[in-house]
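Q: Starting off with a structure, shown below.
The values are calculated or read from the model by the stated rules, or taken from the named source; none is laboratory data. Fair warning: this is a prediction, and the values are worked out from it, not measured in the lab. In this analysis, Cβ positions are derived from the backbone assuming ideal geometry, glycine residues included, and neighbour counts consider all displayed protein chains.
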Amino acid sequence: MTPDQILAEATGSGLVWLLLAGFIILCILLGVRIVPQSEKHVVERFGRLRAVLGPGINIIVPFLDRVRHKISILERQLPDAMQDAITSDNVLVQVETSVFYRIIEPEKTVYRIRDVDGAIATTVAGIVRAAIGRMELDEVQSNRSELISEIKSNVEDAVDNWGIEVTRAEILDVNLDEATRQAMLQQLNAERARRAVVMEAEGQRRAVELQADAELYAAEQAAKARRVTADAEAYATSVVATAIQDNGMEAAQYNVALKQVEALAKVADGTGNQTVILPANAVDAFADAFRMLKGGK
């Protein structure tokens, strides 16, 4: 074998090995797939679903398997949407909604629905109209949290076959037409006026009740005072009666004399009196009283 032949054979052998190495590197590049944490990849083989690759390093068959869809599994927000709805009491309202969702089964999302955002928005609009149609306007305003829960639950059931999880649904605002807003404002003002009248009447009634309680308390205290005075007088009378019973006529005369002295003292204390009139036996009454008092001691 000539040197040229040897050189040609070596060159051909080296080219083969070089091509083989390049083919192996290409197979490795095509067969190894690194999927980010925020994505899932849908792999097809001859146009059919082969596998769904999760985050990390994945191995596929080169030249046979192909990554057809790279789906983000991050949470998404639909654009805020406005939809008209009519309540059960025939009031037209405009409801602004916002929905958050994420894809958890990409194979369902890819092969069962084309426009995910549009499909969810349409579903939400229908569910909102149906839910509000069963409620009156006051219930829509006061039970917003219950309405949001109902909408979220119904949307979750509707999109379950699309491999989607609804994470949150919000009603941002409920707008009314101008005529309804003015009517509600008049109703609110009338209700405030009614409450003011009721509160004023309640205040007056409470004032009357307190005045009556005060008068009743004063009457009770006066009655207690009269009862105490009557008890004291009864006690004094009983003491005098006992003394009369024990001491006979001397105790009776002493009591009469004491009463006369008290009457004379009241006459003397009168305002503007310049003259004190004494009965003829006044001195004798004083003498009898002192004598009996001394004799009693």
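Q: Filter the range 159-168 down to the residues that are in a helix (DSSP H, G or I) and touching a strand residue (DSSP E or B) at 6+ places or on another chain (Cβ under 9 Å), then identify the one that is nearest to T123 (Cα to Cα).
A: Let us first name the residues in the range 159-168 that are in a helix (DSSP H, G or I), namely 159-162.
When the remaining residues are screened for being touching a strand residue (DSSP E or B) at 6+ places or on another chain (Cβ under 9 Å), the result is 159, 162.
Working: V159: 8, W162: 12 Å.
The qualifying residue nearest to T123 (Cα to Cα) is V159.
Q: Now a separate question. Give me the residue from the range 174-216 that is β-branched (V, I, T) and assigned to a helix (DSSP H, G or I) and, out of that set, farthest from V95 (Cα to Cα).
A: Within the range 174-216, the match that is farthest from V95 (Cα to Cα) is V208.
Q: Quick check on this structure: which one of R50, R102 is free of Cβ contacts under 8 Å to residues at least 60 places away in the same chain and of a type outside the set (V, I, T)?
A: R50
Q: Among the residues of the range 130-151, is there at least one that is farther than 24 Å from T180 by Cβ and either over 21 Å from the mean Cα position of the chain (by Cα) or at pLDDT 90 or above (or both)?
A: The answer is no, given that none of the residues of the range 130-151 is farther than 24 Å from T180 by Cβ and either over 21 Å from the mean Cα position of the chain (by Cα) or at pLDDT 90 or above (or both).
Q: Oh, and also: Suppose the filter is over 30 Å from A183 (Cβ atoms), of a type in the set (A, V, I, L, M) and surrounded by 13 or more Cβ atoms within 10 Å (Cβ to Cβ); does A51 pass it?
A: yes
Q: Then there's this: Pick from the range 87-122 the residues that are of a type in the set (S, T, Y) and within 29 Å of V43 (Cβ to Cβ): which of them is surrounded by the fewest Cβ atoms within 10 Å (Cβ to Cβ)?
A: So the first thing to find is which residues in the range 87-122 are of a type in the set (S, T, Y), and the list is 87-88, 97-98, 101, 109, 111, 122.
Pick out the ones that are also within 29 Å of V43 (Cβ to Cβ) and you get 101, 109, 111.
Working: Y101: 22, T109: 20, Y111: 12.
Taking the candidates together, the pick is Y111.
Q: Give the number of residues within the range 34-81 that are in a strand (DSSP E or B) and in contact with a strand residue (DSSP E or B) (Cβ under 9 Å, 6 or more places away or on another chain).
A: Matching residues across the range 34-81 total 29.
Q: Would a scan of the range 107-114 turn up a residue that is assigned to a helix (DSSP H, G or I), in contact with a strand residue (DSSP E or B) (Cβ under 9 Å, 6 or more places away or on another chain), polar (S, T, N, Q) and under 22 Å from R168 (Cα atoms)?
A: Yes, there is a match, as at least one residue in the range 107-114 is assigned to a helix (DSSP H, G or I), in contact with a strand residue (DSSP E or B) (Cβ under 9 Å, 6 or more places away or on another chain), polar (S, T, N, Q) and under 22 Å from R168 (Cα atoms).
Q: If you don't mind, another one. Take the conditions under 30 Å from D173 (Cα atoms), outside any strand (DSSP E or B) and in the same structural domain as I127 (by TED's automatic domain parsing) and apply them to D84. Does it pass? Write out each step before concluding.
A: Working: under 30 Å from D173 (Cα atoms): yes; outside any strand (DSSP E or B): no; in the same structural domain as I127 (by TED's automatic domain parsing): yes.
Judged against the criteria, D84 is not a match.
Q: Here is a list: I171, I151. Which entry is within 30 Å of I120 (Cα to Cα), assigned to a helix (DSSP H, G or I) and of a type outside the set (D, E)?
A: I151
Q: Consider Q37 against the criteria (1) farther than 21 Å from G163 by Cβ; (2) surrounded by fewer than 15 Cβ atoms within 10 Å (Cβ to Cβ): it satisfies all of them except one. Which criterion is unmet?
A: Result: Q37 fails condition (1) only.
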